[in-house]
Structure formats: structure tokens, C-alpha cells
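Here is the structure we will look at, set down as C-alpha cells.
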Amino acid sequence: MTLLKVKNVKKTYTTRFGGMQVQALKGVDMEVNEGEYVAIMGESGSGKSTLLNILAALDKPTQGEVLLNGKSLTDISEKEISAFRRKHLGFVFQDFNLLDNFTLKDNIFLPLVLSGEHYEEMERKLFPLARELGIGGILEKYPYEVSGGQKQRCAVARAVITSPSLVLADEPTGALDSKSADELLTLLERVNQTGRTIIMVTHSAKAASFAKRVLFIKDGRVYHQVYKGSKTNEEMYQNISNILTVMATGGVGHEK
Ligand SMILES: Nc1ncnc2c1ncn2[C@@H]1O[C@H](COP(=O)(O)OP(=O)(O)OP(=O)(O)O)[C@@H](O)[C@H]1O
Ligand SMILES: [Mg+2]
């Protein structure tokens with residue numbers, strides 16, 4: 001079943017001073033089915049975060065529309081969208097978005113608190129997850145007391161602790177060493193295996209090779225995509241690396 005349908009989405013930002021316009025998205029078309037694991041790749045500034053924010057209805061497209069379960073996001077009230085986010089969406093922000101006055105534990109608990117969960121239940125969910133992410137020993141610390149990678153893992157824990165049906169992750173391994181990245185990717189893979197949909201923006205071919213499909217964005221449009229099919233992670237990694245090289249060197253394109 002189609003979960004998300006993106007139809008000719010364009011986004012133009014007007015900068016605050018001087019009125020400069022930036023066309024971040026120039027007509028994105030894509031569909032994501034329920035249960036898929038999609039990675040989105042593309043150069044810095046190609047519009048990946050912009051797209052993810054639009055998918056989460058945190059930002060509005062300038063043109064085009066996004067359908068969630070067949071319903072246009074523009075027709076859904078802000079109240080309904082908030083409820084959807086609370087109940088079904090986990091978002092890992094590129095800059096983590098942790099609350100500085102909350103410990104890591106309370107940051108992770110936040111979505112559960114908002115849905116009125118009991119404390120014992122929150123702890124029952126937290127401990128195995130925190131252990132798996134390697135942050136079990138620092139849960140009482142505040143974000144400014146921990147490293148970037150630890151903050152990132154905390155942000156991932158906060159996004160998945162509610163078992164959301166859709167996880168949008170913006171560069172979730174960007175601040176991690178390769179061992180922590182592998183652990184995180186294994187966790188996301190397992191989240192996907194329980195039927196949840198994942199859309200992950202990443203600059204890492206290694207991270208993208210875990211996904212079942214990779215979309216490549218260039219100059220605000222979908223430039224190419226590959227399905228993993230029966231390929232191993234290693235074969236997928238090679239495939240992705242080759243495409244990135246072709247994109248970077250401006251080789252034969254699929255530009256629409
Ligand atoms: N709020 C904003 N106001 C003006 N321009 C913006 C804004 N947000 C993003 N942009 C511009 O839109 C374009 C796309 O930005 P976006 O953050 O989506 O890129 P990205 O693909 O996520 O890059 P990165 O890999 O560096 O995170 C860039 O040119 C960026 O400078
Ligand atoms: Mg970004």
C-alpha cells in the first residue's frame with residue numbers, strides 16, 4: 001500500500017534579508033510504500049532535509065502536494081497532523097533537536113509523556129533500547145554534557161521509542177564512528193523488519209546499502225533510484241558508490 005505520494009513538489013525559500021530566492025526542490029515525484037526502507041542521497045544543499053521536513057508536514061511545499069495514506073497534507077488540519085506525528089511518526093533531526101534543560105532520559109521519554117504513558121512502562125521500553133544504542137550509562141546527563149555522537153543516538157532513541165509506523169531520519173549516522181553507525185543501522189534494520197517504514201537521508205554509501213531502495217536527489221529533483229533486490233550490502237554499496245561517482249562527475253544522467 002502506498003503510504004506517501006509526493007507529486008511535483010517544489011520549494012522555494014526566500015531568504016530573510018535581501019529577498020534572495022533559493023529553489024531547494026524543483027519538482028520531486030516519488031512514492032513510498034508501507035514497510036519500505038528508503039535511503040535518500042544527494043550532495044549537500046540538494047534539498048534532502050527540505051524534502052524530509054515537507055514529508056513530516058513541518059514545512060509546506062511552494063507547489064505540488066504530498067499525500068499521506070491517500071489524503072493530501074494540505075487538507076488535513078494542524079490538529080490531525082500533530083496527532084499523526086505524535087502517534088505514528090518518529091523524526092531524527094539532522095541537528096538532533098534535543099531539549100537542553102532535559103536529561104537524555106527525559107528527552108527520550110518526551111514523546112511517551114505526551115501520549116500519557118506510565119513511568120514504569122517508559123523505563124521498560126527505554127533500558128534495552130538505550131543499552132543497544134550504547135547510551136545506557138549516560139541517561140542522567142544533559143545534552144551539553146555529552147558528545148555529538150551520543151546526542152545523535154539519543155535523538156534516534158527518542159524517535160523510535162514509540163514504535164512509530166514511519167521513521168524519518170536525517171543523516172542519523174553523521175556523527176558516529178563506524179562501529180556505532182553499524183549498531184544503529186542494525187537497529188533501524190530491525191525496526192524496518194517489524195513492518196515499519198523508514199526514510200533515511202544519508203551521505204554514507206555504507207548506511208544507504210542497508211536500505212531496500214536508494215533515491216538520488218540532484219538539483220532539487222529525483223535523479224535516479226536503485227532497488228536492492230537480492231543484492232548483498234556489499235554489492236549495493238558498490239552500486240551506490242558507482243552512481244555517486246557518475247553524479248559527481250556529471251556523467252550520463254537520467255535528468256528529467
Ligand atoms: N530556511 C531556509 N531558508 C533559505 N534557504 C534555505 C533554507 N533551508 C534550506 N535552504 C537552502 O535550500 C537548499 C537545500 O537545503 P537542504 O537543507 O534541504 O539541503 P540538504 O540536501 O539537506 O543538505 P545537507 O546534506 O548539507 O544537509 C540549500 O541551498 C539551502 O541553502
Ligand atoms: Mg540536510
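The values are calculated or read from the model by the stated rules, or taken from the named source; none is laboratory data. It should be emphasised that the depicted structure is a prediction, and the values quoted were computed from it without experimental measurement. A quick note on method: Cβ atoms are made from the backbone with ideal geometry, for glycine too, and the neighbour counts reach across all protein chains shown.
Cβ-Cβ distance below 6 Å, separation of 6 or more or different chains: which pairs start in the range 30-49 with a residue that is in contact (Cβ under 8 Å) with a residue 60 or more places away in the chain and of a type in the set (Lys, Arg) and end on one that is within 9 Å of ligand 1 (Cβ to nearest atom) and in a strand (DSSP E or B)?
Final answer for the pair search is 48/40; 48/201; 48/217.
Considering only the range 66-87, state which residues are crowded, with 16+ Cβ neighbours inside 10 Å and not aliphatic (A, V, I, L, M).
Of everything in the range 66-87, those that are crowded, with 16+ Cβ neighbours inside 10 Å and not aliphatic (A, V, I, L, M) turn out to be 84, 85.
Looking at the range 48-102, which of its residues are in contact with a Cys (Cβ under 8 Å, 6 or more places away or on another chain) and away from ligand 1 (no atom under 15 Å from the Cβ)?
Of the range 48-102, the ones in contact with a Cys (Cβ under 8 Å, 6 or more places away or on another chain) are 96, 98.
The one that is in contact with a Cys (Cβ under 8 Å, 6 or more places away or on another chain) and away from ligand 1 (no atom under 15 Å from the Cβ): 98.
Could you please find all residues in the range 52-65 being within 12 Å of residue 199 (Cβ to Cβ) and either in contact with a helix residue (DSSP H, G or I) (Cβ under 6 Å, 6 or more places away or on another chain) or of a type in the set (Gly, Ala, Ser) (or both)?
Matches in the range 52-65: 56 only.
Starting from residues that are surrounded by 20 or more Cβ atoms within 10 Å (Cβ to Cβ) and among the aliphatic types (A, V, I, L, M), keep the ones in the range 88-117 and report whichever is nearest to residue 49 (Cα to Cα).
92
One residue is enough: does the range 209-219 have a residue meeting the conditions touching a helix residue (DSSP H, G or I) at 6+ places or on another chain (Cβ under 7 Å) and within 13 Å of ligand 2 (Cβ to nearest atom)?
The first filter runs over the range 209-219 and keeps only residues touching a helix residue (DSSP H, G or I) at 6+ places or on another chain (Cβ under 7 Å), leaving 209-210, 214, 216-218.
When the remaining residues are screened for being within 13 Å of ligand 2 (Cβ to nearest atom), the result is 217.
The answer is yes; a qualifying residue exists.
Looking at (1) within 16 Å of ligand 2 (Cβ to nearest atom); (2) out of contact with any strand residue (DSSP E or B) (no Cβ under 9 Å at 6 or more places or on another chain); (3) assigned to a helix (DSSP H, G or I); (4) not aliphatic (A, V, I, L, M), find the lone condition where residue 186 falls short.
Residue 186 satisfies every listed condition except (1).
Limited to the range 206-245, what total is found for residues that are in a helix (DSSP H, G or I), closer than 15 Å to residue 46 by Cβ and without any contact (Cβ under 8 Å) to a residue 40 or more places away in the chain?
Number of matching residues: 1.
Being over 25 Å from residue 188 (Cβ atoms), buried (at least 16 other Cβ atoms within 10 Å of the Cβ) and at pLDDT 95 or above is the requirement here; does residue 48 meet it? Give the derivation first.
Details: over 25 Å from residue 188 (Cβ atoms): no; buried (at least 16 other Cβ atoms within 10 Å of the Cβ): yes; at pLDDT 95 or above: yes.
No.
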